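Engineer: Let me give you the structure first, and then I'll get to my questions.
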Amino acid sequence: MTVQPDELVRLWPDGPPTKIERVGPEVEYRAPVGLAAEAVMLRNVSEPALCVFRPTNGKPNGAGVIVCPGGGWRILAWEHEGTELVRWLTAQGYTAFLLKYRVRGTPALQADCDTEMAQEFSRYDLTRTGKNAFRALDQIIPLEALRDVRAGAADDGRRALSIVRERAKEWDVDPTRTGMIGFSAGAFLVVDVAVDPRAAPLAFVAAIYGGEALGRPVPADAPPLFTCVAQDDVLLYRVVEGLYSDWTDARRSAELHIYSRGGHGFGMVKQGTPSDHWIDQFGDWLADLGFA
């Protein structure tokens, strides 16, 4: 069951600074298969927005968390990587900001969209494990194929962070206690923001089964990083290990959890696997940083 925001803020009232071509009308649907079957998804998002959710526990802690769902820059996993995490955060006293960022266009008919996504996934080489595992996203998907949409998503992320900091007093949030968490493509988004000198400062960043520095230097003042992935996520577990190494090589605070099982895209889904516990460890990490 999804939750309704207390406020909806358009990121770019006069239109985004860049346009992602061939994106049709926005569609909400339920995932047909996979770990999150029947969960709400969004596609053809071209009007980015920030959904504001105030704390529900009666004890606001003054910290804000911008939540960025994943979906391969093609869809947004709106429920199990979005509203379900929002529900958890607000129950802990956090003010949550769920980011609806721009994605690539998909076919108008849902059946055509499902077929297209299945065909794309079938092209991935899932036999590359161990020392031959993928170490960077561009080994999985050509960099050029995602350049524009990844840049557009990062624009939306920076803008969201700027809005939260500008309106922090209105939302009872301390601008110095605002961080970001992202899943999969959303994890790449939050890391893109964290290493970008144009972005406002982040108090913390959490990259869940995704994210990379992409050869860019990790800033000397980079925020503390929390990241986790399942070892049977054969596409991205080495990529996430690389992100952790980049952060610690730069002598920045980082925490990495690798679960033996969980697959890709587990989000808030309970599977009876070790990855089910990531949210508790994330909560403990935030408490250790002083944000609980």
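Engineer: Tell me yes or no: at least one residue of segment 149-158 is open to solvent by 60 Å² or more (accessible area, probe 1.4 Å), of a type outside the set (Ser, Thr, Tyr) and assigned to a helix (DSSP H, G or I). Before you say what the answer is, go through the steps one by one.
Structural biologist: Just the residues of segment 149-158 that are open to solvent by 60 Å² or more (accessible area, probe 1.4 Å), to begin with: none.
Within segment 149-158, none of the residues are open to solvent by 60 Å² or more (accessible area, probe 1.4 Å), of a type outside the set (Ser, Thr, Tyr) and assigned to a helix (DSSP H, G or I).
Engineer: Another question, if that's okay. What pairs come up if the first residue lies in segment 122-136 and is open to solvent by 50 Å² or more (accessible area, probe 1.4 Å), the second is in a loop (DSSP other than H, G, I, E, B), and their beta carbons are under 8 Å apart, counting only those six or more places apart or on different chains?
Structural biologist: Leu126/Val234; Leu126/Leu235; Arg128/Phe134; Arg128/Val234; Thr129/Val234
Engineer: Considering each residue of segment 211-223, count those that are in contact (Cβ under 8 Å) with a residue 40 or more places away in the chain and either among the aromatic types (Phe, Trp, Tyr) or touching a strand residue (DSSP E or B) at 6+ places or on another chain (Cβ under 7 Å) (or both), and give that number. Before you say what the answer is, go through the steps one by one.
Structural biologist: To start, the set of residues in segment 211-223 that are in contact (Cβ under 8 Å) with a residue 40 or more places away in the chain comprises 212, 214, 223.
Still in the running and either among the aromatic types (Phe, Trp, Tyr) or touching a strand residue (DSSP E or B) at 6+ places or on another chain (Cβ under 7 Å) (or both): 223.
Of the residues in segment 211-223, 1 are in contact (Cβ under 8 Å) with a residue 40 or more places away in the chain and either among the aromatic types (Phe, Trp, Tyr) or touching a strand residue (DSSP E or B) at 6+ places or on another chain (Cβ under 7 Å) (or both).
Engineer: Further, regarding this structure: Kindly provide the set of residues from segment 7-43 that are within 14 Å of Leu99 (Cα to Cα) and assigned to a loop (DSSP other than H, G, I, E, B), ordered by number. Break it down into steps so the answer makes sense when it comes.
Structural biologist: Initial filter on segment 7-43 (within 14 Å of Leu99 (Cα to Cα)): 7-12, 41-43.
Within segment 7-43, Leu11, Trp12 meet the criteria.
Engineer: Determine, yes or no, whether Arg198 is of a type in the set (Lys, Arg), more than 20 Å from Gly152 (Cα to Cα) and either open to solvent by 40 Å² or more (accessible area, probe 1.4 Å) or in contact (Cβ under 8 Å) with a residue 40 or more places away in the chain (or both). First the steps, then the outcome.
Structural biologist: Working: of a type in the set (Lys, Arg): yes; more than 20 Å from Gly152 (Cα to Cα): no; either open to solvent by 40 Å² or more (accessible area, probe 1.4 Å) or in contact (Cβ under 8 Å) with a residue 40 or more places away in the chain (or both): yes.
For Arg198, the condition - of a type in the set (Lys, Arg), more than 20 Å from Gly152 (Cα to Cα) and either open to solvent by 40 Å² or more (accessible area, probe 1.4 Å) or in contact (Cβ under 8 Å) with a residue 40 or more places away in the chain (or both) - is not met.
Engineer: May I ask you to say which residue of Ala118, Ala108 is out of contact with any Lys or Arg (no Cβ under 7 Å at 6 or more places or on another chain), open to solvent by 70 Å² or more (accessible area, probe 1.4 Å) and at pLDDT below 95?
Structural biologist: Details: Ala118 fails: open to solvent by 70 Å² or more (accessible area, probe 1.4 Å).
Answer to the check: Ala108.
Engineer: Also: Counting only residues that are in a loop (DSSP other than H, G, I, E, B), in contact with a Cys (Cβ under 9 Å, 6 or more places away or on another chain) and charged (D, E, K, R), how many does segment 58-105 have? Outline the logic, then answer.
Structural biologist: Just the residues of segment 58-105 that are in a loop (DSSP other than H, G, I, E, B), to begin with: 58-63, 69-74, 77-78, 92-94, 101-105.
Narrowing the set further to residues that are in contact with a Cys (Cβ under 9 Å, 6 or more places away or on another chain) leaves 74, 101.
Applying the additional criterion that residues be charged (D, E, K, R) yields 74.
Residues that pass the stated criteria total 1.
Engineer: Within segment 236-290, can you find the residues that are closer than 22 Å to Ala220 by Cβ and assigned to a loop (DSSP other than H, G, I, E, B)?
Structural biologist: Within segment 236-290, Ala250, Arg251, Arg252, Ser253, Gly290 qualify.
Engineer: For segment 262-292, name all the residues that are farther than 22 Å from Gly93 by Cα, in contact with a helix residue (DSSP H, G or I) (Cβ under 6 Å, 6 or more places away or on another chain) and either open to solvent by 40 Å² or more (accessible area, probe 1.4 Å) or among the acidic types (Asp, Glu) (or both). Spell out the reasoning first.
Structural biologist: Our first condition is that a residue be farther than 22 Å from Gly93 by Cα; within segment 262-292, this holds for 262-266, 270-275.
With in contact with a helix residue (DSSP H, G or I) (Cβ under 6 Å, 6 or more places away or on another chain) added as a condition, the list becomes 262, 266, 270.
Hit for segment 262-292 is Lys270, nothing else.
The values are calculated or read from the model by the stated rules, or taken from the named source; none is laboratory data. Keep in mind that this is a model prediction, so the values were computed, not measured. Glycine gets a Cβ as well: all are built from the backbone with ideal geometry, and neighbour counts include every protein chain shown. Ligands, DNA and RNA are excluded from the accessible area calculation, which covers all protein heavy atoms including side chains. Shrake-Rupley method; radii C 1.70, N 1.55, O 1.52, S 1.80 Å.
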